[in-house]
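**Student:** For reference, the structure I am asking about is given below.
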Amino acid sequence: MTLDVVKLVRADFQKSRPSTWPKIEGTPSTINLEQLWSSMDSTKQILAVIIEEDPFLNGFATIIEYHKNPFINSIVIPSSHQIAQQFGGVSLPALLVFKRDNPQSLEYSSKEAVDFNAIKKKLDEYTSNLAESNHQGPPPPPAPHANNPLEPSPHPAGGKQMDNIPIDFNQYKVQQLDVASALNYMLNQEIPRKPIIDGEKLSALKGWIHLLKKYVPGTAPIRRLFYRLDEWTQLQSSIKAEDWIEKVESLQRDLGHPLPSNSTWIACKGSQAYLRGYTCGLWTLMHALTVQAYNDEKHNSAFKPVVEVLEPLHQFIFNYLSCEVCAKNFHHMTESNQLSLVTRPEDTVLWLWRAHNNVNKRLSGDASEDPKYPKRQFPPPALCPDCYINGIPMEDKILEFMVRYYSDIRTDEVFPQPGYKMTEFENGKIQKVANKHLNPKFAIHADKIDKLEEAEARLREIDGGPKRHWKNLDSDSYAAAANTQTADRSTFYFVWIVIIVAALAFAYMKYRQNRSKFWKTLYYYNDYKV
Ligand SMILES: Cc1cc2nc3c(=O)[nH]c(=O)nc-3n(C[C@H](O)[C@H](O)[C@H](O)COP(=O)(O)OP(=O)(O)OC[C@H]3O[C@@H](n4cnc5c(N)ncnc54)[C@H](O)[C@@H]3O)c2cc1C
């Protein structure tokens, strides 16, 4: 990631060459050691030369990292440069170190190829030795995070710094729009990143979509979307990315676009566009799924929490989360947190809660953290005072809280479709016209969606035959088919008329045979009863 960032910074540098930035470029081949020393600030004791071929990313990373260092000047040269020819002959990328007190002779040369981390380790050693010998105390504190993109920010984990930041409770509202935005991003960006989905990735996808079909939180159209997507996905042996996108789009169209086409974040909105967002929405979705699974299956003795929920979730993260480091860390967590020992339905909720808190702890103070939303253990005591006794989390209370919290999904900023108009009349005159919307909170149970979809599929089967014929017929055969259908229908009506007439004739015959008995019974029925 460091090198990717360096690539972007270098591209920006090339565009406008800001005067306050270090020169993120290679050293011209005409410049020799002597000229380099004379062009350097006299306080700089060390000249670090990185030998590397284009695009020089480890070298540029070193230039950025050390441009404010009081002792070190760093440059990058290709292997064809005269200094490399004179002192090189080493595996690339290589680090050469020269010292001011002996400027023309090599102080250090790496034996094996080095990367930015190895270069940094070596140069940091020189920095602290020089700082000590110059009696200047430790090297200057790192520049503020924003000015020094390669340096992690100071660590506020549980420290005073974090306690000073007031909790923004808006982050603790489970929002339908966050979940729907995460689903949109997942379906349209994360899943079709690979041009072809097959093998292990396809199995992971099938498991995940099936899980969503069963427990995805949301309105009936969202659930129907996953019902149909699951039905389709399970039948595929490999999926091209463009087919996947087309399928999702056609389901969206059929169901009136229940998922937004852009991702909009409410509780998951970061203080900068690149912070929070999708991964926050994904966590929210995953917790809501585990809670829905628990609510649905807590009395089902056949329910297998790992096979049916946690393993599909794990496989999806491992195979599809574009943050590969996150995916790997999560994968290790499934081993170290003993996923295989989960047996009770409630463990589904608690396992994920614990795993997420482990991630929160690890990331507290990390460069990826949003400074306005520092990582905290969840739920903070202010949100659930009963969840802790002397600071120790009480799992039964945590479970109750999690179920309550992730079942209460808010619908702020969700504008439902379709809307309808209501007009009130009095004495024939319009009194009021109001625009109403179907309640977006109206969520429907997965069972009902299954039944609805199955019933609709049966109807499509019954209706579907003739309709499919009509679609593809040209005018002649259309007429022929129409004639055949008309003839079939006439026979059908004729048979029914014959049956009805025969039944009426039979009833009349019986009536004629027993006419007197019939009327007697009708007139004297009450007398008989008395
Ligand atoms: C599976 C996974 C693994 C990740 N691994 C990494 C990683 O290794 N390195 C990295 O830099 N980033 C990782 N991330 C991203 C990181 O966890 C955050 O999502 C990101 O930093 C944004 O944080 P956030 O402040 O929005 O809150 P998030 O941590 O995303 O949490 C979202 C919301 O969930 C709720 N919540 C928080 N904790 C819990 C809990 N324990 N139980 C229930 N609800 C909770 C809160 O309401 C919070 O606002 C990972 C993300 C995922 C989905």
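**Student:** Give the peptides 349-355, 309-315 in descending order of average Cβ contacts within 10 Å, highest first.
**Tutor:** 309-315, 349-355
**Student:** Just want to confirm a number: the relative contact order over region 169-409, from Cα pairs under 8 angstrom separated by 6+ residues, in percent.
**Tutor:** Once normalised by length, the contact order is 24 percent.
**Student:** If each Cα of region 242-368 is one equal point scatterer, what is log10 of I(q)/I(0) from the Debye formula at q = 0.09, 0.10, 0.18, 0.22 Å⁻¹?
**Tutor:** For region 242-368, the Cα-only Debye profile gives -0.33, -0.40, -1.14, -1.32.
**Student:** To continue, here is another question. For E242 and N262, calculate 0.36 nm times their separation in residues minus their Cα-Cα distance, and state this gained length in nm to one decimal.
**Tutor:** 5.3 nm
**Student:** Return the Rg/Rh ratio of region 2-134 with Cα-based radii and a Kirkwood Rh.
**Tutor:** 0.93
**Student:** Using a Förster distance of 51 angstrom, determine the FRET efficiency expected from the C-beta separation of M1 and A302, and round it to 0.05.
**Tutor:** My answer for the efficiency is 0.70.
**Student:** Okay, moving on. Could you pull the Cα extents of region 159-259 along its three principal axes, largest to smallest, in whole Å?
**Tutor:** That gives 54, 29, 21 Å along the principal axes, largest extent first.
**Student:** Moving on to the next point. Please report the equivalent ellipsoid semi-axes of region 297-403, computed as sqrt(5 x eigenvalue) of the Cα gyration tensor, largest first, in whole Å.
**Tutor:** 24, 22, 10
**Student:** Run the 1.4 Å probe and let me know the accessible area of Y406, rounded to the nearest 10 Å².
**Tutor:** Here the accessible area works out near 20 Å².
**Student:** For T411 and M509 in the same chain, what is the full-extension length gain: residue separation times 0.36 nm, less their Cα-Cα distance, in nm?
**Tutor:** Extra length available between T411 and M509 comes to 28.4 nm.
**Student:** Which of rounded, prolate or oblate describes region 54-130 when judged by the alpha-carbon gyration tensor and an a/c cut-off of 1.5?
**Tutor:** Judged from the Cα gyration tensor, region 54-130 comes out oblate (a/c at least 1.5, b/c at or above a/b).
**Student:** In addition: Local charge sum around P195 (other residues, Cβ-Cβ under 9 Å, Lys/Arg +1, Asp/Glu -1)?
**Tutor:** In short, +2.
**Student:** Moving on to the next point. Report the calculated FRET efficiency for E34 and V359 (r = Cβ-Cβ distance, R0 = 41 Å), to the nearest 0.05.
**Tutor:** So the FRET efficiency works out to roughly 0.20.
**Student:** Under the definition of Cα pairs under 8 Å and six or more residues apart, what whole-number percent is the relative contact order of region 2-134?
**Tutor:** Taking the mean separation of contacting Cα pairs over the length of region 2-134, I get 24 percent.
**Student:** Still on this model: How much accessible area per residue does region 2-134 have, counting only protein heavy atoms and a probe of 1.4 Å, in square angstrom?
**Tutor:** Dividing the accessible area of region 2-134 by its residue count gives 52 Å².
**Student:** Using only the alpha carbons, work out the radius of gyration and Dmax of region 1-72 in angstrom.
**Tutor:** Every Cα atom of region 1-72 included, Rg and Dmax give 12.6, 35 Å.
**Student:** In square angstrom, rounded to the nearest 10, how much accessible surface does I389 have for a 1.4 Å probe?
**Tutor:** It works out to around 100 Å².
**Student:** Could you calculate the FRET efficiency of K44 with D168 from 1/(1 + (r/R0)^6), where r is the beta carbon distance between them and R0 is 51 Å, rounded to 0.05?
**Tutor:** That pair, K44 with D168, gives E of 0.70.
**Student:** Which sequence of F518, F494 reflects their accessible areas, 1.4 Å probe, from the largest down?
**Tutor:** Greatest to least solvent exposure: F494, F518.
**Student:** Give me the Debye-computed log₁₀ of I(q)/I(0) at q = 0.14 Å⁻¹ for region 169-409, equal point scatterers on Cα only, no solvent, two decimals.
**Tutor:** The computed values of log10 I(q)/I(0) come out as -0.95.
**Student:** Separate question: Considering only protein heavy atoms and a 1.4 Å probe, what is the carbon-and-sulfur percentage of the accessible area of region 1-60?
**Tutor:** Reported share for carbon and sulfur atoms: 53 percent.
**Student:** Then there is this: In Å², and per residue, what accessible area does region 169-409 have when probed at 1.4 Å with the other protein chains present?
**Tutor:** Here the per-residue accessible area is 45 Å².
**Student:** Order the following by accessible area, largest value first: F87, F71, F318. Probe radius 1.4 Å; ligands, DNA and RNA are ignored.
**Tutor:** F318, F87, F71
**Student:** With all protein chains present and a 1.4 Å probe, how do W519, W37, W496 order by accessible area, largest first?
**Tutor:** W496, W519, W37
**Student:** Run the quick spin-label model on D101 and S19: label points 7 Å from Cα toward the beta carbon, then report their separation in nm to one decimal.
**Tutor:** 3.8 nm
The values are calculated or read from the model by the stated rules, or taken from the named source; none is laboratory data. Predicted model only: the values in this text are computed from it and were never measured. Every residue, glycine as well, gets a Cβ built from its backbone with ideal geometry; the counts of neighbours run over all protein chains shown. For accessibility, only protein heavy atoms count, side chains too; no ligands or nucleic acids. Shrake-Rupley method; radii C 1.70, N 1.55, O 1.52, S 1.80 Å.
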